[in-house]
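Right, one structure below, let's go through it.
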Amino acid sequence: MDSITTAASVVAAGLAVGLGAIGPGIGQGSAAQGAVEGIARQPEAEGKIRGTLLLSFAFMESLTIYGLVVALVLLFANPFAG
Amino acid sequence: MEHWSLLLASGLYTPEKNSPTGVPFVCPNTETSKELKPSIETEIPGNHSRSSVNEYVSLQQRIFKLTFVVTAFAGMFTIIFVDYHAAISLFLGAFSGILYLRLLAKSIGSLGKNSTSVSKFQLLVPVVLVLVVTKLPELQLIPALVGFLLYKPSLIIQFLLEPSA
């Protein structure tokens, strides 16, 4: 792998993780805030709130995982490496 | 009569100081004197949280069972139609996905009790998975990643079956 490909892969990996984590991070923060407020208001609905939070977190965090996987593939199993 | 029982149930009624403690209160005006018992069941505060915790645990168990079923189907499909090594990679990825989901559920379960934020410890699982798969030549990357994401169909099925969960 030549140096330009290596440098581009490292920069792209950083961008993939960094940019891919912005949206899910904001979304998870607001979801957790709403869930904790909901549990504080209605403690009897704690199970349902936590279950919904688990499902929504799993879907949101998969976006971060996509970026993470792309970055790891670029770093450790680069398809552009000659 | 109903007012007396409501007062007793609500705890606003305090017996007189001269009345003997331990002796049940007897209503004097009724022909058949009956012991006054609280007609309204007082709710124990811990019951709500215990039942909701059980609800959350049962939801996790349903999701894990669905994930195991989806993993079994996908694994059999891979063994029959693709490759034996690809099936091993898929199973490794699927169990990593279950571990990831377990850690996520654990961190969400402790949200508001022990911690104020959801931990990111579970994100180490796909990192370790990709590192292991790239280091071992017997394993393949794409089936492992597909296996890791096999928890999503079970989540979608669970969400479709019980939208309020």
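The values are calculated or read from the model by the stated rules, or taken from the named source; none is laboratory data. Just so we're clear, the structure is a prediction, and the values are computed from it rather than from any experiment. All Cβ positions, glycine included, derive from the backbone under ideal geometry; neighbour counts span all protein chains shown. The area values use the complete protein model at the heavy-atom level, side chains included, leaving out ligands, DNA and RNA. Shrake-Rupley method; radii C 1.70, N 1.55, O 1.52, S 1.80 Å.
With the condition kept exactly as written, say whether any residue in region A:74-82 is outside any helix (DSSP H, G or I), open to solvent by 50 Å² or more (accessible area, probe 1.4 Å), away from chain B (no Cβ under 12 Å) and in contact with a helix residue (DSSP H, G or I) (Cβ under 9 Å, 6 or more places away or on another chain).
yes
Looking only at region B:130-155, which residues are more than 9 Å from chain A (Cβ to nearest Cβ), closer than 15 Å to B:G97 by Cα and not small (G, A, S)? Give the derivation first.
Start the filter on region B:130-155 by keeping residues that are more than 9 Å from chain A (Cβ to nearest Cβ), which leaves B:132, B:136-140, B:142-144, B:146-147, B:150, B:153-154.
Next cut, closer than 15 Å to B:G97 by Cα only: B:132, B:142-144, B:146-147, B:150, B:153-154.
Hits for region B:130-155 are B:V132, B:I142, B:P143, B:V146, B:L150, B:P153.
Count, please, the residues in region B:124-140 that happen to be under 18 Å from A:A13 (Cα atoms) and either basic (K, R) or open to solvent by 30 Å² or more (accessible area, probe 1.4 Å) (or both).
Residues in region B:124-140 being under 18 Å from A:A13 (Cα atoms) and either basic (K, R) or open to solvent by 30 Å² or more (accessible area, probe 1.4 Å) (or both): 5 in total.
Would you tally the residues in region A:51-66 being open to solvent by less than 10 Å² (accessible area, probe 1.4 Å) and under 9 Å from the mean Cα position of the chain (by Cα)?
Residues meeting the conditions: 3.
Within region A:27-41, is there a residue that is more than 19 Å from the chain's Cα centre (by Cα), in contact (Cβ under 8 Å) with a residue 60 or more places away in the chain and more than 9 Å from chain B (Cβ to nearest Cβ)?
no
Every residue, every condition in (1) open to solvent by less than 20 Å² (accessible area, probe 1.4 Å); (2) farther than 18 Å from B:S154 by Cβ; (3) in contact with a strand residue (DSSP E or B) (Cβ under 6 Å, 6 or more places away or on another chain); (4) modelled with pLDDT of 95 or more, yes or no:
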position: B:D83; (1), (2), (3), (4): no, yes, no, no
position: B:A86; (1), (2), (3), (4): yes, yes, no, no
position: B:L104; (1), (2), (3), (4): yes, no, no, no
position: B:S119; (1), (2), (3), (4): no, yes, no, no
